[in-house]
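S.K.: Here it is: the structure, laid out below.
The values are calculated or read from the model by the stated rules, or taken from the named source; none is laboratory data. Predicted model only: the values in this text are computed from it and were never measured. Every residue, glycine as well, gets a Cβ built from its backbone with ideal geometry; the counts of neighbours run over all protein chains shown. Just the protein is used for accessible areas: all its heavy atoms, side chains included, with ligands, DNA and RNA removed. Shrake-Rupley method; radii C 1.70, N 1.55, O 1.52, S 1.80 Å.
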Amino acid sequence: AVVSTQSTGVSGVCISYDNSVLVVTATSGTVFLYHPTTPKPLGTHYDVHEMGANACDITLHDDKNLLVTVGADYLAKLWYVENYKLFSYLTLSGHSGQVLCCKFHLLEQSKLLLFTGSNDKTIIIWSVESGEKLHQSICHSSFIYSIALHDDTLVTCSSDKTVKVWNVGSGKARTISVIPTSTQETLTEWGTKQVNSWLSRLLPNHPPTELTGQDLATIELEELICSIECGEERKKDQLKQSVCLLRSFGGIPNEFLCPISMEIMTGARSAETQFDDDSYCSPGV
């Protein structure tokens, strides 16, 4: 069956062990309950999370379907699912940002745990029986978008462009490996195309330049700014700060990247690229 949430975006989906309940979370904060063979929801629960629901997972607990939903309200909520209705079991509060992902995990000693990941850069391990926070770790340097578990292994991924593998057999996490996923070119590897894409964000009407990333990285700052000929002093100052930012990162900062494709964006400059802080420039730059 093809199911639809009509006018709201789908943010998460999970299905019960016996294939009887399909759960869909929506960006509106609504949770829809379907049978996998029916296109219309058999249960609709509004405003489960203020400002939107982000993800869900379902497992068997005490011979009942136990659902977890997480949302933009910084909360994880546990529900028993019966006859396509939700019955509140626990509400877990511990993150300082949106909760973006969640996963149940049953340890060998039949202890059911819940793992949640957030844009506060942390993973929290919860006891499902008591709602107690067992452990919280800063796992990444940016948002944690997804988690996976198998036996004692936890895998997390983040917008910091890394996948991390953890051992959680003791109920606590430690890093056992880091897998970098970024193939982003460094500044010195940029050609004129990348330089002009970056420049168009700062100076939309500036004519194409023959500068390369190597030029941006090595030419003396004042000489570089003069060669770009950006006109107004205000624009010169912003351009200086942007060049210093590029040099400090060694590559393009995230604010110049499309959040979906991670390619350099072109066009008018957004508010996020109007640099007011000159702390990126050191006297020696």
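S.K.: Distance check, please: which entries in Lys103/Lys133; Lys40/Lys85; Lys77/Lys133; Lys85/Lys121; Lys121/Lys235 exceed 25 angstrom between their Cα atoms?
M.R.: Values: Lys103/Lys133 15 Å; Lys40/Lys85 15 Å; Lys77/Lys133 14 Å; Lys85/Lys121 32 Å; Lys121/Lys235 34 Å.
Distance filter (> 25 Å) returns Lys85/Lys121; Lys121/Lys235.
S.K.: If you plug each phi of segment 78-87 into the Karplus form 6.51 cos²θ - 1.76 cosθ + 1.60 with θ = phi - 60°, what whole-Hz ³J(HN,Hα) values come out, in order, with x for Gly and Pro?
M.R.: Going residue by residue, I get 10, 9, 7, 10, 9, 6, 6, 10, 9, 10 Hz, with x marking Gly and Pro.
S.K.: Return the tail of the calculated pair distribution for segment 50-143, meaning the percent of Cα-Cα pairs more than 20 Å apart.
M.R.: On the way: 1355 of 4371 pairs.
Within segment 50-143, distances greater than 20 Å cover 31 percent of Cα pairs.
S.K.: Efficiency by 1/(1 + (r/R0)^6): what FRET value for Ser96 and Arg234, r their Cβ-Cβ distance, R0 = 35 Å, to the nearest 0.05? Don't jump to the answer; show the numbers that get you there.
M.R.: On the way: r = 36 Å, r/R0 = 1.03.
It comes out at approximately 0.45.
S.K.: Moving to a separate point now. If I take every Cα pair under 8 Å that is 6 or more residues apart in segment 1-120, average their sequence separation and divide by the length, what percent do I get for the relative contact order?
M.R.: Working: 317 pairs, mean separation 20.9, N = 120.
Here the relative contact order equals 17 percent.
S.K.: Hey, another quick one. If you stretched the chain out fully between Asp18 and Ser146, how much longer would it get, using 0.36 nm times the residue separation minus the C-alpha to C-alpha distance? Show your work: numbers first, answer last.
M.R.: On the way: separation 128, 0.36 × 128 = 46.08 nm, distance 2.40 nm.
Value of the extension gain: 43.7 nm.
S.K.: Grab the beta carbon distance between Val155 and His35, set R0 = 30 Å, and tell me the FRET efficiency rounded to 0.05.
M.R.: Values: r = 31 Å, r/R0 = 1.03.
For R0 = 30 Å, the calculated efficiency reads 0.45.
S.K.: Then there is this: Taking all protein chains in place and a 1.4 Å probe, what share, in percent, of the accessible surface of segment 55-137 do carbon and sulfur account for?
M.R.: Values: 1460 of 3460 Å².
Roughly 42 percent, rounded to a whole number.
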